[in-house]
Amino acid sequence: MRKRAFTLIELLVVIAIIAILAAILFPVFAQAKAAAKKAASISNNKQQALAAIMYETDYDDVFPVYESWITGPGAPLYTGGQGLMNWCWNTQPYMKNVDIDLDPQAPPIQVWPGWSPTIYKAYSPNYGFNFTWLCPPFGAPNDPIYQPISSTAVANPAETVMTSAKWSTGEWAYAWPVWAVWYGAPRGLIINYAVDTPDCYTIPQWCFGNWGSGDGNYIFTLGNNNKINAGVRTGGNSIRAGNAMIVAWCDGHVAAKQAGAMAVGTNWNMNLPAGSLTVSDVNKYLWDDK
C-alpha cells in the first residue's frame, strides 16, 4: 500500500495555525504569570503584616523597631564594631522564612559575598516599613534612636500603611555595595528596608526618595526618572503590579492600590517637582493618623 505524506500546502497550513495559536496564547500566559507573581507578592506582604502583629502582642503592643544598634553579641550583622538589628530580622521568628521578604515581581536583590542568604535577604527586603510614622527617629541624623509607637495609637489601622512593596537593591544606580548605602554609617539610617511616605519632607533629614520628579531620587540615580516601576517617583514604593502598589495596612489586610490612590489627600502627581508635595487633606492621608 502506498503511504500518503503531507503536502507542502498542508504543512504550511498547520504551521500557520500553530503560529496563530501561539500569538494568541503567549500574551495570555504572560498575563497569567504576572497575575501569579502579584498574588504571591500580596501573600508575602500579608505574612509580614501578620508577623508584625504577632510581634506586637509579645512586645507591649508596639510596632517592630525599624532599626537598632547594639554593642554586645546577638546581632546577625556587625559593622564598625556595631551590631545591627532591623525590623525584618526582628519579625523573622514569626515567619521563619526569609524568602517572604522578597517580591517575586522585583528584580533579584544583590548578593552579599561571604554572608548567608538568611542575612542578606532579611537586610535587603523588597518590602519597606512605614517607619516615618510607626517608628520615628529621634536624635542626630548620624545616630538616631527609633521609637516605635503603640499599635493602639493608630486610630484607623485599616487606613494606615504599615509596609509596601519597594525597589530592589539590584536596581541601584551606582556600583554601591548593598551594605554601604546609609547615612553616617555605622549607626546612621539604612534605607535598604524602608519606603518614603508622600509627606517625607516633614522630617527632611530622613527623606531619601521623592514622590514626584526631580534630583532627590537618591535610591536610583540623580536626575534619572526612568525606573518608574521601581518607585523612582513614588518614594521607593514600587508600582509593578499593573501600576499598583502592594500595600499592607496596620490591621493586617493587604491590597493592590494605584499610586494616585495611595497619595490621596496630597497634591502629588508623577511630574510634581521634588520637594513640592503638600498634604491638602489630613483626613484622607493614608500614611499617618495626624
Quiz item: Considering segment 117-126 alone, what residues qualify as being within 28 Å of TYR285 (Cα to Cα) and either part of a helix (DSSP H, G or I) or touching a Phe, Trp or Tyr at 6+ places or on another chain (Cβ under 7 Å) (or both)?
Solution: PRO125
Quiz item: Is there a residue in segment 89-112 that is in contact with a Cys (Cβ under 6 Å, 6 or more places away or on another chain) and modelled with pLDDT of 85 or more?
Solution: yes
Quiz item: Within segment 205-231, how many residues are farther than 24 Å from PRO144 by Cα, modelled with pLDDT of 85 or more and of a type in the set (A, V, I, L, M, F, W, C)?
Solution: 1
Quiz item: Which one is nearest to CYS250 (Cα to Cα), of the residues in segment 127-148 that are touching a Phe, Trp or Tyr at 6+ places or on another chain (Cβ under 8 Å) and part of a loop (DSSP other than H, G, I, E, B)?
Solution: ASN130
Exercise. Scan segment 62-116 residue by residue and report those that are of a type in the set (Val, Ile, Thr) and not in a strand (DSSP E or B).
Key: VAL65, THR71, THR91, VAL98, ILE100, ILE109, VAL111
Self-check item: Yes/no for ALA16 being within 21 Å of the chain's Cα centre (by Cα), part of a helix (DSSP H, G or I), of a type in the set (Gly, Ala, Ser) and surrounded by fewer than 17 Cβ atoms within 10 Å (Cβ to Cβ)
Solution: no
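Restricting to segment 29-61, and then to whatever is charged (D, E, K, R) and in a helix (DSSP H, G or I), can you tell me which residue is surrounded by the fewest Cβ atoms within 10 Å (Cβ to Cβ)?
ASP58
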Quiz item: Does MET95 count as among the aliphatic types (A, V, I, L, M) and under 18 Å from the mean Cα position of the chain (by Cα)?
Solution: yes
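The values are calculated or read from the model by the stated rules, or taken from the named source; none is laboratory data. Small disclaimer: the values here were computed from a predicted structure and weren't measured. Virtual Cβ from ideal backbone geometry, glycine too; neighbours counted across all protein chains shown.
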